[in-house]
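Student: Would you mind keeping the following structure in view while I ask a few things?
The values are calculated or read from the model by the stated rules, or taken from the named source; none is laboratory data. Treat the numbers as computed from the prediction; the structure is a model and nothing was measured. So basically every Cβ, Gly included, is an ideal-geometry build from the backbone, and we count neighbours across all protein chains shown. SASA here: full protein model, heavy atoms, side chains in, ligands and nucleic acids out. Shrake-Rupley method; radii C 1.70, N 1.55, O 1.52, S 1.80 Å.
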Amino acid sequence: MHRNRMAVRLHAPAAAKAPALVLRAWRPEDAPELAVIHRDAELRRWIGSLVDGEAEAGRWVREQERGWHERDRFAFAVVEEGVRSGPGDVAAGERLVGHVVLKRPAPGGPSGEVGYWTAAHARGRAVAPRALDVLTSWAFDAFAENGLVRLELLHSEDNTASCRVARKCGYPLTAHLPAAPPHFPRDGHLHNRLLTS
């Protein structure tokens, strides 16, 4: 397992109508674009960790860095490769299109949890399934020796897009969960993927 968060850089191939993806650590310079992405009402409807403004986006990025340091939350910015630099691009040659994360509440335990979101401007380009596939492979490769054998994916029951992504990536629906406010205010779905699958 890579100890240095900057050393973990994952790649997903291009899709029919979308460029290749790179999954990399979040950076402070991502904060302005992150703040813009979080203005999207559809995104805000589904995620629990909302960002309002650039200062809050900077704090959120620092929290992702803390997760890597503490080894309990491994968050990746998802960027498209090979795009032209322009307004809204976080760096020359890349554009921020999403986020994927592996959460391990009990490092060394058998389970982890994955999550993801896609920026509004990148929807319809298979960002979430491509990024989740890469994250899933990396998680099992990186943590199997430490006991990881199951990844869990939770989403609100009425989030049909997230349900499609989960199933497409080999995470079958295994349970219906009752709402548990305040962190999970609506009924939900639990999907699981095992190391052997």
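Student: Heavy-atom accessible area of Cys163 with all protein chains present, probe 1.4 Å, nearest 10 Å²?
Tutor: We get 10 Å² for Cys163.
Student: Rg to Rh ratio, region 137-196, alpha-carbon atoms and Kirkwood radius?
Tutor: With Rh from the inverse mean 1/r over Cα pairs, Rg/Rh is 1.04.
Student: So for the pair His11, Ala179, with labels modelled 7 Å out along Cα→Cβ, what separation do we get in nm?
Tutor: Result for the modelled spin labels: 4.6 nm.
Student: Something else about it: Suppose accessible area is computed on protein heavy atoms with a 1.4 Å probe; arrange Val149, Val8 from highest to lowest.
Tutor: Putting Val149, Val8 in descending order of accessible area: Val149, Val8.
Student: At 222 nm, what helix-only mean residue ellipticity would the chain give, in deg cm²/dmol to the nearest 500, using -39500 (n - 2.57) for each DSSP H run of four or more?
Tutor: Using -39500 (n - 2.57) per qualifying helix, the result is -8500 deg cm²/dmol.
Student: Next question. For region 87-166, what percent of Cα pairs sit more than 17 Å apart?
Tutor: Beyond 17 Å sits 52 percent of the P(r) for region 87-166.
Student: Quick check: the distance between the Cα centres of region 34-79 and region 134-197, to the nearest angstrom?
Tutor: So the two Cα centres are separated by 19 Å.
Student: Would you kindly find the accessible area of Thr118, with a 1.4 Å probe and non-protein molecules such as ligands, DNA and RNA excluded, rounding to the nearest 10 Å²?
Tutor: 20 Å²
Student: Residues of region 114-197: accessible area per residue at 1.4 Å, in Å²? Present the calculation step by step, with values, prior to reporting the outcome.
Tutor: Numbers: 4100 Å² over 84 residues.
Result: 49 Å² of accessible area for each residue.
Student: Select one label from (1) 42, 26, 13; (2) 24, 20, 18; (3) 26, 21, 14: the one whose number is semi-axes √(5λ) of the Cα gyration tensor in Å as derived from the coordinates shown.
Tutor: Computing semi-axes √(5λ) of the Cα gyration tensor in Å and matching it to (1) 42, 26, 13; (2) 24, 20, 18; (3) 26, 21, 14 gives (2).
Student: Would you mind putting 12-24, 173-185, 40-52 in packing order, based on average other-beta-carbon counts within 10 Å, highest first?
Tutor: 12-24, 40-52, 173-185
Student: How far is it, in nm, from the label point at Ala120 to the one at Asn159 when both lie 7 Å from their Cα along the line to the Cβ?
Tutor: About 1.8 nm, to one decimal.
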